[in-house]
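Report on the structure given below.
The values are calculated or read from the model by the stated rules, or taken from the named source; none is laboratory data. Because the structure is predicted, anything quoted here is derived from the model rather than measured. With ideal geometry, Cβ positions are generated from the backbone for all residues, glycine too; neighbour counts draw on all protein chains shown.
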Amino acid sequence: MKRSTERILTTHVGSLSRPDDLVALLTARDRGQPYNPDAYTRLVREAVADVVRRQTDAGIDVVTDGEQGKASFFGYVVERFTGFARQPAPAGQDGSTRAASREYLDFPEYYAWSDRIAEGLGGRGNTRRYGVDVCTGPVTYRGQAAVQADIATLKAALQGRPHEEVFLPAIAPSYIFATLANRHYKTDEEYELALADALHEEYQAIVDAGFVLQVDDPRLVTYYMMNPGVSAADCRAWAARRVEAINHALRGIPPERVRFHTCYSIDVGPRVHDMELKEIVDVLYRIKAGAFSFEAANPRHEHEYHVFEQKKPPAGMVLIPGVISHTTNLVEHPELIAERIVRFARIVGRENVIAGADCGFAASGIRFNDVHPTAVWLKFAALAEGARLATRQLWGRS
């Protein structure tokens, strides 16, 4: 993994908006409806080529495919695993476990309003209609062709495009464990171990292709918000067990080829129940990754750079703080971005900071609460300019 040895490098979290015609195919595919596979392949290639071009044109150094071929950042694995089946949603389930979360319970009026807008745009609420994926048999990896197609498509799009490095996101076993119910394995440990073993194959393929692997798991820090009955201590203990599974999935992969991302999701609500970073950061440090990507640009978390003054990262770990937000269409001023970068550089060293984003800009193909693509590309350009300003301060040159 490259470091900011000569200047501040820039990256982001991964997901970017898909074109409307591709969204239609992704939606049909995800719902088990008929779709044209040849058109899907063609549109994915075109979309990846477009987002790679836009990233590099904006000045992003460490780029990716924007998850253009995936309907969501985690649901794609069901197609790549054996052992899962689509079943009717349990009675009363509204399509989101967030309905029982601290945020929904405390702010029902806000989320009722937000959900009405989302459902009107085809967002939340689809679980009632299309069912849920459940583990009903032995989990093994069968996604070899799919991951190799992702790799080949991205490599083709990179030809002739200036970039420093490439990353490819993949979901963490812990997120699947916490999200898709087990109806087959006798114990939670057996289920999570099977998920980790299956995902290890995907992780290894990404690293073998020469890419940096990004492991995604928002649930490690949202478990507290999602479960009103747990304390911060309970969340720490739960997360520690999940970290063991993540590390099992990463076995044999050099930490310097891995970056880990966690965040508080695409929720743009009040978010007063987000777990504080100081309560969990030492658990996250146990993940065998060379870089840590996290939220640091929104009003609930921007102050948390102070955490790293008290709880230093492990030696050699790169921080990828979000210095642009995924919850607003407002484009951050480059000078503000530079200030955010310099804060972290002064704490952990300029070579240990890569400027990133809080979260992905299109975690699903349905655009009910995404930042508009126009704003995203402007944010990326501002990110690159902010990194240039920070470089000038930290190195004394542009």
- Looking at Arg343, Arg388, Arg397, which one is at pLDDT below 95, more than 21 Å from the chain's Cα centre (by Cα) and of a type outside the set (Asp, Glu)? Arg397
- Task: Could you run through the range 5-20 and say how many residues are closer than 23 Å to Leu378 by Cβ and in a loop (DSSP other than H, G, I, E, B)?
- Result: 11
- Of the numbered conditions (1) in a loop (DSSP other than H, G, I, E, B); (2) surrounded by fewer than 24 Cβ atoms within 10 Å (Cβ to Cβ), Ala28 satisfies every one except a single condition; which is it? (1)
- Message: buried (at least 17 other Cβ atoms within 10 Å of the Cβ), of a type outside the set (Val, Ile, Thr), in a helix (DSSP H, G or I) and within 20 Å of the chain's Cα centre (by Cα): is that true of Arg98 in this structure?
- Response: yes
- Message: Here is a list: His372, His326. Which entry is modelled with pLDDT under 95 and touching a Cys at 6+ places or on another chain (Cβ under 7 Å)?
- Response: His326
- Do we have Arg86 as assigned to a strand (DSSP E or B), modelled with pLDDT under 95 and more than 30 Å from Arg388 (Cα to Cα) here? yes
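Each row is one residue, and each column tells you yes or no for (1) free of Cβ contacts under 8 Å to residues at least 40 places away in the same chain; (2) part of a helix (DSSP H, G or I); (3) under 17 Å from Ala178 (Cα atoms).
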position: Glu202; (1), (2), (3): no, yes, no
position: Pro228; (1), (2), (3): no, no, yes
position: His248; (1), (2), (3): no, yes, yes
position: Ile253; (1), (2), (3): no, no, no
position: Ile266; (1), (2), (3): no, no, no
position: Arg271; (1), (2), (3): no, no, no
- Message: Would you confirm whether or not the range 93-108 contains a residue that is at positive phi, touching a helix residue (DSSP H, G or I) at 6+ places or on another chain (Cβ under 9 Å) and modelled with pLDDT of 95 or more?
- Response: no
- Task: State which residue pairs qualify: first residue over 20 Å from Lys155 (Cα atoms) and inside the range 33-56, second residue aliphatic (A, V, I, L, M) in any location, beta carbons under 6 Å apart, and separation of 6 or more residues or different chains.
- Result: Tyr35/Leu25; Tyr35/Ala28
- Message: Among the residues that make up the range 21-42, is at least one of them touching a Pro at 6+ places or on another chain (Cβ under 9 Å) and acidic (Asp, Glu)?
- Response: no
- Query: Quick check, is Glu192 in contact with a helix residue (DSSP H, G or I) (Cβ under 8 Å, 6 or more places away or on another chain), among the acidic types (Asp, Glu) and more than 24 Å from Val353 (Cα to Cα)?
  - Reply: yes
- Query: When only residues in the range 31-71 that are among the polar types (S, T, N, Q) and either buried (at least 21 other Cβ atoms within 10 Å of the Cβ) or at pLDDT 95 or above (or both) count, which is nearest to Leu168 (Cα to Cα)?
  - Reply: Thr64
- For the range 55-72, what are the residues that are touching a Gly at 6+ places or on another chain (Cβ under 9 Å) and not in a loop (DSSP other than H, G, I, E, B)? Gln55, Val62, Ser72
- How many residues, within the range 244-283, are closer than 30 Å to Ser114 by Cα and of a type in the set (Gly, Ala, Ser)? 2
